[in-house]
Structures are given as structure tokens and as C-alpha cells.
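Only one structure is covered here, and it is reproduced in the block below.
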Amino acid sequence: MRRLPYGAAVAVGVLLASAACASPADEGTASKADTHTRTIRPVQGCAAPSWTDPSDLSPTRRPARCAPGTPAPRPLPDSRELTIATGTLSAEYVAPLQVALDKGEFKKEGLDVTLKVLPTPDALPLLAKGDIDALWAAPEAAVMNGIHGGFDIRWVAGNFSPAPTSKSGLWVRLKDGESADRVAMAGRKLGTMIGKGSVIAYPMEKALEQHGGGLDKIQYQQLGSADVLTALQNGGVDSAWLLDPVWRRVDGTPGYAFLGGQPPGEPLGGLLYGPSLLDDDVDAGVALVRAYIRTVNTYFTADYKKNASFVAYLAKLLKSDAKILASTPSLRMDWEIRAGTTDRLQSAYRAQGVSESDPLPESRTVNRSLYAEAVGHRP
């Protein structure tokens with residue numbers, strides 16, 4: 001049997017120990033939100049473009065959209081206090097939550113939402129126990145291992161996919177004689193601020209395999225966010241996963257090549273729910289998703305960075321520099337979840353050696369029924 005790396009083994013052990021306190025989810029048992037007993041009504045402003053076939057993996061797929069201001073709020077009869085954990089409040093992918101909070105979109109649904117900064121490993125046991133209601137993160141290896149251990153957690157809404165012009169992803173410092181289309185990646189040292197078990201394992205695996213590498217054929221060096229680029233430039237690492245807007249610093253510079261990033265049209269994160277919103281209060285779970293979707297439809301349509309005043313507003317909200325924010329392409333905000341994404345993620349986690357369990361079926365990892373109800377679509 002393949003042994004897990006020490007750090008990964010400790011993290012998994014903690015998660016599974018915490019899972020013992022949660023109610024195990026039977027593989028064939030769906031949460032209440034999965035049942036077909038809830039009434040699905042047509043939603044004004046949300047016609048055909050508000051839903052796309054999950055099996056459509058085309059990189060040119062247009063994200064689902066409703067009309068601005070829709071789906072309209074349906075306030076809960078009694079106000080509900082909800083806590084959403086997130087790893088950061090300053091990243092652009094968190095902007096829809098920040099805007100929804102600032103513009104009162106959650107309040108319109110009768111939701112009193114608090115955003116709480118909390119790393120995913122710390123948030124997972126709290127989510128499983130109902131101490132927090134939702135997590136704005138990704139179905140990382142820690143999430144999959146937690147579900148294996150009994151956590152009743154589902155990925156219920158996507159967040160974004162990159163613009164076609166984005167070069168956020170895997171960059172390499174070329175050796176003598178190498179070109180961007182011919183790089184020998186096996187044995188190279190990769191600098192990353194995320195480390196093993198992150199969702200970037202899946203797109204990174206695709207990029208590496210095109211250049212003679214593989215997740216099991218490279219060395220990993222976890223670095224602070226401010227150190228990744230420096231290590232790549234000074235030779236401390238051979239390659240690095242560079243995020244927005246850091247990749248701008250090497251784009252077009254001789255001696256560097258972009259090998260690939262997140263697949264266009266395929267979100268790799270978003271909202272994760274625990275039993276609080278999956279089972280105990282599905283109405284609140286749908287209301288939260290509805291407010292998020294309405295925020296995307298109203299403020300994040302098409303190329304939202306063409307609006308200079310909105311970029312300035314976002315920069316203030318995210319406490320970032322407006323010029324830096326405007327220097328990268330707009331994200332394609334996308335609440336939908338593609339078919340098979342968690343299958344591909346789990347395959348990459350096994351290749352990295354951070355998961356040895358049998359793969360979980362999508363029915364145990366994903367629940368699309370809440371966003372389908374929010375836009376009036378019956379899958």
C-alpha cells in the first residue's frame with residue numbers, strides 16, 4: 001500500500017477523527033435537498049440561458065445567466081443568521097460574496113450573513129457539525145477525505161473559470177535548448193503556495209503530462225505567496241504555479257514559458273454546504289444560492305472590468321489596488337458545476353499520493369438541485 005506523505009497523513013487523520021463525531025452519510029442516501037418533493041417554479045428573468053448541460057465541457061461554453069436583478073428575492077418568513085467561511089476576503093473570486101453582502105442581496109432574502117476567514121482544514125469539521133453553514137472554497141483532497149470519513153458535505157455551486165486570455169497557472173524557467181512547446185518537466189522542482197491536495201492538481205496534471213512529467217515525477221516546494229515568483233526568478237525552483245496578477249511579471253519575458261492553467265469553462269470551487277443547509281433548512285440554502293446567483297447576474301456579467309467605476313468599487317471592497325485588479329482579465333463567474341469534475345480531481349489526488357481511498361461517486365460530492373431550484377430548472 002502506498003504511504004501518504006507525513007503532512008498529508010496528519011491532516012487526513014485529523015479530518016477522519018473529526019468525522020467520527022458526524023453522522024455517516026450512506027452512499028445511497030440523498031440529503032433532503034436532493035429529493036424531488038420540493039416544488040420547482042418557473043422563475044421570471046431566468047429562461048433557457050439560466051441552465052447549461054453539465055456534460056458540456058466546451059472551453060467556449062457561455063456561463064449560465066439570468067436577467068440582471070433576477071432571480072428575484074423570496075424572503076424567508078423568519079430571518080436566518082448564516083456564517084460562511086472563506087480562506088480570504090481579498091481575492092477576486094470572493095468578490096461576489098463581498099458584493100452581495102455590501103449591496104444587501106443577502107438581506108433581501110432574509111439572511112443575516114457573516115463572512116469568516118478560516119482555512120479549509122479548520123472549517124471542515126465545523127461545517128460538518130453545523131457550527132458554520134457554508135464554506136467558500138473548493139472540493140480539495142481534505143474535503144474528499146472528510147466525506148469518506150462521514151462528513152455530510154456537498155459542493156452546491158461553482159465560482160469561476162478563467163478568461164481565455166488568462167495565463168494564471170503553471171510557468172517554467174526554460175533550460176538551454178528548450179522552447180515553450182518542448183519542455184522536460186520530469187524531476188523539476190515546483191514552487192506552490194498551496195502544496196499537495198489542492199484542486200490545482202487536476203489542471204497541473206494535464207499540463208505536466210504534455211511535457212513528459214506527471215504529479216508523481218516532480219518535487220514540490222511549498223512557499224509563501226510572496227516567495228513563489230522570487231524563487232522562480234532566482235533559481236530556487238524550476239517551475240511555479242503563478243496566480244493573478246503575479247504571472248504578469250514574467251509574461252513575455254525571455255526564458256519563461258506558460259504551460260497551462262485551469263480548464264476554461266470548468267469551475268473548480270465555490271459553495272460547499274453541510275447538514276445545516278443541506279438538510280435542516282433547505283429553504284435558507286436555496287435563498288443563499290439565489291442571492292449569490294442574482295449578484296452574478298447583476299454585477300458580474302460579461303467583461304465587468306470594462307467598467308472603471310466598478311473596478312474601483314471592487315478594489316476598495318477587496319482592499320486591493322485598482323490598477324493591479326484591472327491588469328488581469330475578468331473572471332468568468334459561473335455558479336454551475338460541470339459533470340465529472342470531482343472524478344477528475346480525485347484521480348489527481350491519488351496521483352499525488354494524498355488519497356488512497358476508492359473514488360467517491362458524484363452523488364456523494366455534488367448537489368446541483370439548489371441552484372437549479374433558484375433559477376426554476378428541474379434537472
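The values are calculated or read from the model by the stated rules, or taken from the named source; none is laboratory data. If you're wondering where the values come from, they're calculated on a predicted model, not measured in any experiment. Because the Cβ atoms are built from the backbone with ideal geometry, glycine has one as well, and the counts that use them run over all protein chains shown.
Worth pointing out:
- Scanning the stretch 168-203 for residues that are of a type in the set (A, V, I, L, M, F, W, C), in contact with a Ser or Thr (Cβ under 6 Å, 6 or more places away or on another chain) and either part of a helix (DSSP H, G or I) or more than 13 Å from Pro254 (Cα to Cα) (or both) yields Leu190, Met193.
- Strands (runs of 3 or more DSSP E) within the stretch 215-270 that include 2 or more residues small (Gly, Ala, Ser) and under 25 Å from the mean Cα position of the chain (by Cα): 239-242, 256-261
- Ser50 being of a type outside the set (Asp, Glu), surrounded by 15 or more Cβ atoms within 10 Å (Cβ to Cβ) and at pLDDT 95 or above: yes
- Check on Met193, under 25 Å from Ser327 (Cβ atoms), buried (at least 23 other Cβ atoms within 10 Å of the Cβ) and not hydroxyl-bearing (Ser, Thr, Tyr): no
- Residues located in the stretch 355-379, provided they are acidic (Asp, Glu) and at pLDDT below 95: Glu356, Asp358
- Helices (runs of 4 or more DSSP H) contained entirely in the stretch 304-379, each with at least 2 residues that are more than 16 Å from Gly270 (Cα to Cα) and among the polar types (S, T, N, Q): 341-352
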